[in-house]
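Read through the structure below, which is laid out as structure tokens, and then see the notes.
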Amino acid sequence: MARPTIADIAHAAGVSNTAVSFALNGRPGVAEPTREKILAIARDMGWSPNRAAKALSTSRVDALGLIITAPYAELARDTFFLQLIAGVERMLAASPVALVLKIVESFEDELAAIRQWHGESRVDGLILVNPRPEDPRPELTNRLGIPTVFIGKPGTSEPFSSVFIDDALVMDALIVDLAARGTQRIAYLHSHARYSHGEARLAALRRHRSGLTAIEHGVPSSTIDEARAAVRNFISMLDLTPTTTFVCESEDLTLATLRALGDLNIQVPADAGVVSWESSPGLTLRSPTVSTLERSPAIMGEAAVELLRDMRDNPGPEPRTHELECPRLHARDTLPGSAQS
């Protein structure tokens, strides 16, 4: 069946094409009973607005773009992005705006995708993740004129809009909380030091003044089994005591660490504690339940959409920022004295 047109609706309603256009677009100039009649007929006929025609007249395509650069195998295990997307979609659910998702494996491909989307007028705004030191994306999106919100704070002199958590403050608070629980040494396992948030966490760990001993170990992004072997080799070189707590940057590293400790017959939390920087059902519903930092990627996604809406409704050169509350430690079974019933 052919798509109904404004002329079809006008003929069925016995009114002019102009009256139908006004009614469908919420414009004044049509009596309310007539407007309701037109809308009812349009619904019955299955009419929907022509997005392409609307884009030509408004310069909007009702789409937001999200680009994620990550190896596909790693992304398939990363619940952070699933939660982030859920937050974005929750904010878009009641609107005609669609989320356009692009996954690439290299940063160069991400930059190319930004340029391509701009050239094709594919999206009205962008959400970009994993800001980097000396990040070229703010300069690129500013030059192209694409409204963009970063999840995190890129290192650049260019102005940018962002939703962020102060990762240095989070690390400082975590060290204080762990010290209060008897931790004397933190072993921080990470794989994202190349990103701005990874740098901020490491810098805070290195300058801490709490009296704790802090060591760090980079684990290359890989499969959980490969990470498990790398972590096991690292642990085997440590002189572990019950006052050591492993802080793991990701869910994958947390699982790899728990398995490596089990391989070495090290009991958690009797012989060592474990904390994950990420919180997910895979960690908090397992046994033993894992101590985590309670942050919500979904809230980040929601806040990013809010910033983009503000940029649309109140255009201007000034960047928009939304700093989220510092997440705190939720102690569970993997820290001494926190076993849950």
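Couple of notes before you dig in:
- Here D109, D62 are screened, and the one residue that is buried (at least 16 other Cβ atoms within 10 Å of the Cβ) and of a type in the set (D, E) is D62.
- Restricting segment 292-341 to residues that are among the small types (G, A, S) and more than 15 Å from the chain's Cα centre (by Cα), the residue that is surrounded by the fewest Cβ atoms within 10 Å (Cβ to Cβ): S341
- Residue within segment 12-25 that is surrounded by fewer than 16 Cβ atoms within 10 Å (Cβ to Cβ), within 26 Å of D124 (Cα to Cα) and either of a type outside the set (S, T, Y) or at pLDDT 75 or above (or both) present: yes
- Residue ID - surrounded by the most Cβ atoms within 10 Å (Cβ to Cβ), chosen from residues in segment 261-285 that are within 24 Å of the chain's Cα centre (by Cα) and part of a loop (DSSP other than H, G, I, E, B): W277
- Test for V163: is it touching a His at 6+ places or on another chain (Cβ under 7 Å) and surrounded by 15 or more Cβ atoms within 10 Å (Cβ to Cβ): yes
- Per the conditions (1) crowded, with 22+ Cβ neighbours inside 10 Å; (2) of a type outside the set (A, V, I, L, M, F, W, C); (3) over 29 Å from S210 (Cα atoms), the sole criterion not satisfied by T183 is (3).
- Positions within segment 213-236 being of a type outside the set (A, V, I, L, M) and under 28 Å from the mean Cα position of the chain (by Cα), in sequence order: E216, H217, G218, P220, S221, S222, T223, D225, E226, R228
- Taking the numbered list (1) in contact with a Leu (Cβ under 8 Å, 6 or more places away or on another chain); (2) within 30 Å of A98 (Cα to Cα) in turn, H217 passes all entries but (2).
- Single unsatisfied condition, L84 versus (1) in contact with a Pro (Cβ under 6 Å, 6 or more places away or on another chain); (2) more than 24 Å from A193 (Cβ to Cβ); (3) at pLDDT 95 or above: (2)
- G152 modelled with pLDDT of 95 or more and small (G, A, S): yes
- Lone qualifier among R35, R43, R77 - being in a loop (DSSP other than H, G, I, E, B), modelled with pLDDT under 90 and outside the structural domain of L255 (by TED's automatic domain parsing): R77
- Residues located in segment 168-185, provided they are in contact (Cβ under 8 Å) with a residue 40 or more places away in the chain and on the phi < 0 side of the Ramachandran plot: L169, V170, A173, L174, D177, L178, R181, T183, Q184, R185
- Residue match in segment 201-221 (condition: closer than 17 Å to D271 by Cα and surrounded by 15 or more Cβ atoms within 10 Å (Cβ to Cβ)): no
- Qualifying residues in segment 297-324 (those that are of a type in the set (A, V, I, L, M) and touching a helix residue (DSSP H, G or I) at 6+ places or on another chain (Cβ under 9 Å)) - the one nearest to I85 (Cα to Cα): A298
The values are calculated or read from the model by the stated rules, or taken from the named source; none is laboratory data. These figures come from a predicted structure and were not determined experimentally. Cβ coordinates were reconstructed from backbone atoms using ideal geometry, including for glycine residues, and neighbour counts include every protein chain displayed.
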